[in-house]
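Below is one structure; the comments refer to it alone.
Every number here is computed from the coordinates shown, using simple stated rules; none is lab data. Quick caveat: nothing in here was measured; it's all calculated off a predicted structure. Backbone-built Cβ (ideal geometry, glycine too); neighbour counts: all protein chains shown.
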């Protein structure tokens, strides 16, 4: 099996790869996740994922396959990670009863071949109708910190979601079907 590096400190992405029984090391990328306003959301997540992979590739001397990803939550505009409880409340209030999209860009890069594959997945998420009291109770759990969209679908935040259309693991941060297809291009088979 080829050596794999996950270019992320995300515990959720780490858990996804562990669930796929992949052996990997973690090297956090130092890339600034800056949005280019002249690119689409899809182009931005792909570009940022590529930048993360190239950053880690530039710091390793080994022949490795690097997996990098970037996730955005979009509801007419980009929704980031909340910096305060009040901001989390505003985000969740805005998502209440509405459909938003989660877009994840993925790059798989081989240092041996000096080539990478970049793609993305989109998943639609419909939130349940939430009252203010429920939103504040969720915020008080602290689960919304460090989460784009201020919720964690893999945790207690799942009760905020009415339905999804698309890939569940995309919402968590790494679409596994897409990743499997990309890894096959580098002769890495999950099954």
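Only beta bridges with both residues in the chain are counted; by DSSP, about 85 percent of them are antiparallel. In terms of the Cα gyration tensor, with a ≥ b ≥ c the square roots of its eigenvalues, is the stretch 81-124 rounded because a/c is under 1.5, prolate because a/b exceeds b/c, or oblate? It comes out oblate by the Cα gyration axes. Calculated [222 nm] ellipticity per residue, helices only, for the chain: -9000 deg cm²/dmol; basis is -39500 (n - 2.57) per DSSP H run with n ≥ 4, divided by all residues, nearest 500.
Note on 125, 73, 161, 184: ascending count of other Cβ atoms within 10 Å places them as 184, 161, 73, 125, the fewest first. Highest mobility in the GNM of the chain, judged by mean-square fluctuation with C-alpha springs under 10 Å and restricted to 57, 77, 128, is found for 77.
Relative to its residue count, the stretch 1-68 spans a Cα convex hull of 92 Å³ per residue.
According to the square roots a ≥ b ≥ c of the eigenvalues of the Cα gyration tensor, what is the shape class of the stretch 9-165, taking rounded for a/c under 1.5, prolate for a/b larger than b/c otherwise, and oblate for the remainder? Taking the square roots of the gyration eigenvalues as a ≥ b ≥ c, the stretch 9-165 is prolate.
Protection proxy ranking for 97-109, 135-147, using the average of other Cβ atoms within 10 Å per residue and placing the highest first: 97-109, 135-147. The residues 13, 115, 47, when put in order of fewest to most other Cβ atoms within 10 Å, stand as 115, 47, 13.
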